[in-house]
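Some notes on the structure that comes next.
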Amino acid sequence: MINTLKLIVLTGALALYFGSSGIAGEEEKAPDTTVKTAVTPQPAQAKPESTPEIESSENMIPLSERKDIILLSKFYRGMDDDDVPEGWDLDDKEKPIDISLVKEGEQFAVCFKSKASAFGLYNEQDFDIKDYPFLNWEWKVTKLPEGGNFLDEDKDDQAAQVYVSFGSLSFFNKPFVEAVGYYWSSTLPVGTEGECPTWSKSRAIVIETGKEKLGEWITEKRNVYKDYDRLFDDDDPSDVSALRLYTNSQHTKTGAEAFFRNIYFSKE
């Protein structure tokens, strides 16, 4: 009896010593409440010498949402009932006329195809060029009229022309409307300036020429106010009345193809 009692006491003492909480074979382990997270070591990235400035369309405000510009090329609005882009009017000089809208990625552009013809579009405006002196646009030429040269009346053809008109477009004032034109010439060197042979009130500047950049989108920006001030003797231009886009190849009896997009006036 005493031996049995000693055995029981000894067993209890051993259980307490080793942390046992019950009968051998039925030990209850406290649940593990620790949250285990697998961590994969990542290699440390080397610090670049300089942070590159990456221009991403995701970080730019779309032109259609900007409040600080006068946007003209809202070609995403499609064509109207007259088969010209919404907000634009047709200037028909020599048929056939081939105007269409194309989309490249998220960009919409207007396309002119001339076959010994001459035509364009105009967008009426009414503002002081000193308030928005800069004209911005993109254009692409894929075909040039062979031998085009605006200094020769018999060869006065350009694949792409952009004009800013000054003065009322009313019937009685049309003879007095002035214009600054920007040309993509077939033959003349960049920087060539002169009076347009078909309109004495217009002055033209060649800013692109030849075939070297055919098929490329080229971004342009001109200070129209400064160009006007240099090309005309007037102290102050009238308000801007329109922006015009043209193509022509009727004088050389050849062909031309040009695209325009992202056209807007800006303060700087």
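The values are calculated or read from the model by the stated rules, or taken from the named source; none is laboratory data. Everything quoted here is computed from the prediction, not taken from an experiment. Positions of Cβ are generated from backbone atoms using ideal geometry, with glycine treated the same way; all protein chains shown enter the neighbour counts.
Taking every residue in region 56-72 that is within 19 Å of Ala109 (Cβ to Cβ) and pairing it with any residue that is part of a helix (DSSP H, G or I) and at pLDDT 90 or above, at least 6 positions away or on another chain, the pairs with Cβ-Cβ distances below 6 Å are Leu71/Leu63.
Is one or more of the residues making up region 171-178 in a strand (DSSP E or B), in contact with an Asp or Glu (Cβ under 7 Å, 6 or more places away or on another chain) and either buried (at least 18 other Cβ atoms within 10 Å of the Cβ) or without any contact (Cβ under 8 Å) to a residue 40 or more places away in the chain (or both)? Steps first, please.
First, the residues of region 171-178 that are in a strand (DSSP E or B): 178.
From the residues that got through so far, the ones that are in contact with an Asp or Glu (Cβ under 7 Å, 6 or more places away or on another chain) too are none.
Scanning region 171-178 turns up no residue that is in a strand (DSSP E or B), in contact with an Asp or Glu (Cβ under 7 Å, 6 or more places away or on another chain) and either buried (at least 18 other Cβ atoms within 10 Å of the Cβ) or without any contact (Cβ under 8 Å) to a residue 40 or more places away in the chain (or both).
Checked against the criteria, Ser241 does not count as closer than 16 Å to Leu151 by Cα, surrounded by 15 or more Cβ atoms within 10 Å (Cβ to Cβ), modelled with pLDDT of 95 or more and among the small types (Gly, Ala, Ser).
Out of all the residues in region 104-126, is one or more free of Cβ contacts under 8 Å to residues at least 12 places away in the same chain and surrounded by fewer than 17 Cβ atoms within 10 Å (Cβ to Cβ)? Lay out the reasoning, then the answer.
Quick first cut of region 104-126, residues free of Cβ contacts under 8 Å to residues at least 12 places away in the same chain only: 104-105.
Those left that are additionally surrounded by fewer than 17 Cβ atoms within 10 Å (Cβ to Cβ): 104-105.
Yes, region 104-126 contains a residue that is free of Cβ contacts under 8 Å to residues at least 12 places away in the same chain and surrounded by fewer than 17 Cβ atoms within 10 Å (Cβ to Cβ).
Considering region 137-174, and only residues there that are in contact with a helix residue (DSSP H, G or I) (Cβ under 9 Å, 6 or more places away or on another chain) and polar (S, T, N, Q), the residue that is nearest to Asp239 (Cα to Cα) turns out to be Ser168. Annotation: of all residues in region 139-175 being aromatic (Phe, Trp, Tyr), over 20 Å from Asp98 (Cα atoms) and modelled with pLDDT of 95 or more, the one that is farthest from the chain's Cα centre (by Cα) is Phe150.
Among residues of region 219-237 that are in contact (Cβ under 8 Å) with a residue 24 or more places away in the chain, those with a Cβ under 7 angstrom from a residue that is assigned to a helix (DSSP H, G or I) and of a type outside the set (S, T, N, Q), sequence gap 6+ or separate chain, pair up as Pro237/Tyr228.
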